Amino acid sequence: MARFQRSDDPNPILPSCGIIALFLHQVESFPSRLAFTDATEDTTVTYMELLEKVKKLARELRSKGPIPLESPIAILAAKGLDHIIAQLATIFVGGTCVPLDPSISDEQIKLRLEDAQPLYLVTDAENQNRHLGDFPTITVAHHLLNWPPTPDETCLPTTTFAGARSHIFYTSGTTGRPKGVEILAQGLYRVRHCSNIRPGDLVGHVTNPTFDVSTIDIWGTLTSGATIVNFNKGVLSSPFTFSEALQKKKSRVNWIFVTTSLLNIMAFSCPEAFSAVDILMTGGEAANATAMKLVLGSSGPPKKLINAYGPTECTIMSTYHEVTLQEAASGSVKIGSPVVGTDLYVLDDSLNPTPKGSIGELCVGGSCLALGYLNRPDATKKAFVSVRGLTKDNEPIRLYRTGDLVRYDGSGRILEYVGRKDNQIKIHGFRVELEGVEAAITNNCSISMAAVLKIPPPESDPGVSSFLLAFIVLKSGAKEGNLTEISKKLSQVLPWYSMPRLRVLDKFPLNNNGKVDRKILMEMYLKSIESAFTADSDENSGNTKTPTIRKLEAIWRETLAHPPSSIKPTDNYFALGGTSLQSATLILKIRKQFGVAISTDTLYGNPTLSAMAEYLDNGSGRDIDTKAAMQSDALLSENLRSLDGPIPDWRAAGEGVVLVTGATGFLGAYLVQALLRMPEVKKVHCLVRAKDATHALSRMKIAFSQYGISFTKQDQALMVAKLNLIPGDLGEQNLGLSGRAFDELARSCATIFHFGAIVNYVQPYSAHRAANTIGTLNIIRLAVTGRPKTVHYSSSLVVYGPTGLLKRPMSLSEDEPIDSYLDGLMYDIGYAQSQWVAEQLLWKSIKNGVPITIYRPGFVMGHSKTGLGNPNDFMGRFFVSCIKMGTYPLLPRQRKEFIPVDHCIRDILHISSSNANLGKAYAIKPLNLSESIDWNSTFKLLNRCGNFKLKGLLFSDWITSQPPETWDKRLLPLMPLLTEKVYGGKTRWEVYEDMAEYKTNNTRSALKDSKNPEGCSPLTKGLLKLYLKGWFKQTENSQLMDLLTSASMEPHC
């Protein structure tokens, strides 16, 4: 029979007796079988010999006086036979084991002893003379506990039961005060059952006895008739010595648990080390799929690799899962289904069940639960909660809130681990799962291990942003000089806000439980910063660095929090990890230090330390000729011609295959949801910037969650049947696909919805060119390859730029050529410039017969029913920040044409359904010009939505009312847009005064035969209030939510 098969009985009968009775049963059954052996020392003990040693120590404990049931007995002994005897003797006399780590300081041990107040302290010889307070101490030494046997009648075990407290394990805690978790024997029985240790097995004892999982090594083995094979610190100090020991006959094992960190080390050093092992179990941290792939794909894999999950509070293991090579190769490993006696619930913050497939907090119930935290009633009450409504009888059940985010896979039975709630950090306004970033890093072929930390800003300069720092261990043969290339590859799979800086280590520090010690990593980083500053202040570098370079270098250090000794004049600001948010901070600091207001274009044109210093010294540098670059790029599609043949109706019975780009963007995600729900759509291909399909799916799920897009069970079935994710890149040749895959995609599609683009309010045209210009060019190439197909492009009303600046007509038809508006766009942002070029490519292709439609939405807001939208877009940031500031800028004769996202998608899909609408542009906005409200009126409407009382200030006064460095962090990335003077003393925003009105004749005509001929709803008080609620909910801003009035919502649809 194959090892590690689950029992057919989901509720097997577990023992009701005390745990010592199970050990005594094995002594009776196998008296001469080895109970313990050491991998390197000549120490072996049979079950009968072990019992005798336990009895002798038990008699000594009892000789001191009576031992009340469950009395704590502390054990301060190194991993090995002495410690095992001490645990067995403690349970034998009816006590509770309190394992303590000899490697921690006396002060830390005293904290635990003072908390536990043990009846006795049992130590080994090495620790008997430590000064730990006035606790009665007994020394255990296995070689002194020898025969003759103790008569049974003089030393009988204390009778206990399954519900007795067996252990108190101290967790490290985050507050400095360790918490003692009170474990029951019945919790150990579950783990014993699922570990599948059998009589005669050789079980590796690797984990520290103060780590709860060590109870599998000890109690799981000795209550199953198996043999403990102990590996001491010397063996475990090197992966090679450990691997060698596992291959020797004396120390070969067929069952072993190793921590995730140890498995990672072994996988990248000696992946075949576990060739003789039947069952290799691992856990303790998030699984490293790459490490598991190396072990399972090695020349000597274990027969079974089990990924175990469970907090100490749920007695070691809550779930377990057999990992296959195929699963590990996919880059994601599940945590599995429940251990017997374990009830799992995936709940939201209100402790209500989440929809199947949605992310929620894992809450655990059942016989696995600990009693709570010793002497910590408040902490126990917070972590262990009583919840109604989860069972048919509606009775309250006791649950432990793990703080871990999980979701069920498509089967609805197996859990996927997403990350820690407390590791779900916010950075630059975005939620980021640190485990997800680590997984992306370790999928790089050069990296074996990664640990990511969030580095907070220094107290001396809170205006500096937090950032992510990844400590990495390179694989053998990889060179540290490849970090630039590694960063480049990571930028292709990670969004900008979760891109970490990299720091290479030879190996990771591990704590006493075998996990990566992140506290030490943080200390190492802070020490390196301190050392770098000291070195910089001491060095006499006047001969090598100009004063400007030194001042500028100091600013780089502050904005990047980068050690100064590692910055060279040739270093590129963005290659060191500079983001658009940090660029805004850098520009501000340069202006304060040098009195020079540099533009974002100048920054991107002079990104090295030396080039930037030269610009500041001489007022000259590398200026990018944006206008010439745009005019040149606009000609790239001139030679692309339409294919012969009829233009397909993509909704016809024989068609229905659609390609979508930008599916992880706000508008694109809603488009995908709508397309999946259309019966005539048979397949939705989505080009997603990702390294593989698994990563693409992860990005899609994150997008749906971030934008509040919910899926019913029917939707989920449609996703399985229709959705096909294609990892690629708009800016790469053939969209990042092979030539064959590109051709196959071109032949299969009837239409393309091209919604993919980079939208950044700071970066210049050059930074948008690859995705927005070349990406559109690549989509046109796809459209004229294989078979005729239509293209539906999402552009923007900003394609005309600041029309008022050029004194152009006060109203623009949708057919107004965009050519002559280039001059005004020179004072606009890079995104608007890229849209002008993209449209030029499309209009030239339309003239060449390519069937294309262009849509120009206004500013897309939240859903008209839920209010949920994109809290991190321009308006989400701006409205919330203005509410916090209590003021807003007065901007006369400006409009943003706000529209609900679902109305926008509805209208685009209707227009796209008729080929008669091809070859034109459509303004997707409120159809009646009288319904558009200007900027100042929008804020008056906002004040009516709640108790906000925002005051309007002249733009110049609003900018200076608060120093930019004190602005809301969410507004800081927009600072160059709001403060950089570009024309006649006006900023990029101010030049939009006196903007033209956008006519909607084409849109009105195309929607005449629709169910909603009135088009997109204009902004109303009811809609704006709904959007505000959505933003506040998505940014978890309860204080601002309270300011909303409780008045009933106005009709808005």
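Structure summary
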| item | result |
| --- | --- |
| Of all residues in region 1019-1053 being over 15 Å from residue 946 (Cα atoms) and crowded, with 20+ Cβ neighbours inside 10 Å, the one that is modelled with the highest pLDDT | 1019 |
| Count of residues meeting criterion [assigned to a helix (DSSP H, G or I) and polar (S, T, N, Q)] in region 635-678 | 1 |
| Whichever residue in region 136-151 is modelled with pLDDT of 90 or more and not in a strand (DSSP E or B) and, among such residues, is surrounded by the most Cβ atoms within 10 Å (Cβ to Cβ) | 140 |
| Residue count, region 566-592 (criterion: modelled with pLDDT under 80, closer than 23 Å to residue 454 by Cβ and not aromatic (Phe, Trp, Tyr)) | 14 |
| In region 922-949, the residues that are of a type in the set (A, V, I, L, M, F, W, C) and closer than 13 Å to residue 878 by Cα | 935, 939, 942 |
| Scan of region 735-766 for residues that are of a type in the set (Ser, Thr, Tyr) and either in contact (Cβ under 8 Å) with a residue 24 or more places away in the chain or closer than 20 Å to residue 671 by Cα (or both), ordered by number | 748, 751, 761, 765, 766 |
| Identity of the residue in region 98-112, out of contact with any Phe, Trp or Tyr (no Cβ under 9 Å at 6 or more places or on another chain) and not in a helix (DSSP H, G or I), that ends up surrounded by the fewest Cβ atoms within 10 Å (Cβ to Cβ) | 105 |
| Residue within region 66-77 that is in a helix (DSSP H, G or I) and closer than 21 Å to residue 169 by Cβ present | no |
| Every pair of residues 6+ apart whose Cβ atoms lie under 6 Å, when the first sits in region 426-442 and is modelled with pLDDT of 75 or more while the second is assigned to a helix (DSSP H, G or I) | 437/498; 442/290 |
| Filter result for residue 595 (in contact with a Gly (Cβ under 8 Å, 6 or more places away or on another chain) and at pLDDT below 80) | no |
| Condition broken by residue 84, with the remaining ones in (1) within 18 Å of residue 205 (Cβ to Cβ); (2) part of a loop (DSSP other than H, G, I, E, B); (3) in contact with a Phe, Trp or Tyr (Cβ under 7 Å, 6 or more places away or on another chain) satisfied | (2) |
| Failed condition for residue 792, given (1) buried (at least 22 other Cβ atoms within 10 Å of the Cβ); (2) over 18 Å from residue 922 (Cα atoms) | (2) |
| Total residues in region 505-527, condition exposed (fewer than 15 other Cβ atoms within 10 Å of the Cβ) and either at pLDDT below 70 or touching a helix residue (DSSP H, G or I) at 6+ places or on another chain (Cβ under 9 Å) (or both) | 2 |
| Subset of region 321-350 (residues that are touching a Cys at 6+ places or on another chain (Cβ under 6 Å) and either in a strand (DSSP E or B) or among the polar types (S, T, N, Q) (or both)) | 342, 345, 347 |
| Failed item, numbered, when residue 799 is tested on (1) in a helix (DSSP H, G or I); (2) closer than 22 Å to residue 693 by Cα | (2) |
| Whichever residue in region 588-617 is without any contact (Cβ under 8 Å) to a residue 60 or more places away in the chain and not in a helix (DSSP H, G or I) and, among such residues, is surrounded by the fewest Cβ atoms within 10 Å (Cβ to Cβ) | 595 |
| Which numbered condition residue 662 misses (of (1) buried (at least 21 other Cβ atoms within 10 Å of the Cβ); (2) touching a Leu at 6+ places or on another chain (Cβ under 7 Å); (3) modelled with pLDDT of 90 or more; (4) small (Gly, Ala, Ser)) | (2) |
| Any chance residue 24 is modelled with pLDDT of 95 or more, closer than 22 Å to residue 194 by Cα and assigned by TED's automatic domain parsing to the domain that holds residue 132 | yes |
| Boolean, residue 726 is in contact with a His (Cβ under 6 Å, 6 or more places away or on another chain) and in contact (Cβ under 8 Å) with a residue 40 or more places away in the chain | yes |
| Residue among 128, 108 that alone is modelled with pLDDT under 95 and within 25 Å of residue 371 (Cβ to Cβ) | 108 |
| Number of the exception - residue 638 against (1) assigned by TED's automatic domain parsing to the domain that holds residue 857; (2) in contact with a Lys or Arg (Cβ under 6 Å, 6 or more places away or on another chain); (3) of a type outside the set (A, V, I, L, M, F, W, C) | (1) |
| Among (1) among the β-branched types (Val, Ile, Thr); (2) outside any helix (DSSP H, G or I); (3) crowded, with 21+ Cβ neighbours inside 10 Å - the single one residue 90 does not satisfy | (2) |
| Sole exception among (1) at pLDDT 90 or above; (2) within 23 Å of residue 373 (Cα to Cα); (3) out of contact with any strand residue (DSSP E or B) (no Cβ under 8 Å at 6 or more places or on another chain) for residue 158, by number | (2) |
| Considering residues of region 392-411 that are part of a strand (DSSP E or B) and among the hydroxyl-bearing types (Ser, Thr, Tyr) only, the residue nearest to residue 286 (Cα to Cα) | 402 |
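Residues are listed down the side, and each one gets a yes or a no for (1) among the charged types (D, E, K, R); (2) crowded, with 24+ Cβ neighbours inside 10 Å; (3) within 18 Å of residue 43 (Cα to Cα); (4) touching a Lys or Arg at 6+ places or on another chain (Cβ under 7 Å):
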| site | (1), (2), (3), (4) |
| --- | --- |
| 195 | no, yes, no, no |
| 198 | yes, no, no, no |
| 214 | no, yes, no, no |
| 233 | yes, no, yes, no |
| 239 | no, no, no, no |
| 243 | no, no, no, no |
| 255 | no, yes, no, no |
| 260 | no, no, no, no |
| 269 | no, no, no, no |
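Here is a yes/no grid of residues against (1) modelled with pLDDT of 95 or more; (2) within 35 Å of the chain's Cα centre (by Cα); (3) among the hydroxyl-bearing types (Ser, Thr, Tyr):
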position	(1), (2), (3)
823	no, no, no
830	no, yes, no
838	yes, yes, no
851	yes, no, no
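The values are calculated or read from the model by the stated rules, or taken from the named source; none is laboratory data. Just so it is clear, the structure is predicted and the values come from calculations on it, not from any experiment. With ideal geometry, Cβ positions are generated from the backbone for all residues, glycine too; neighbour counts draw on all protein chains shown.
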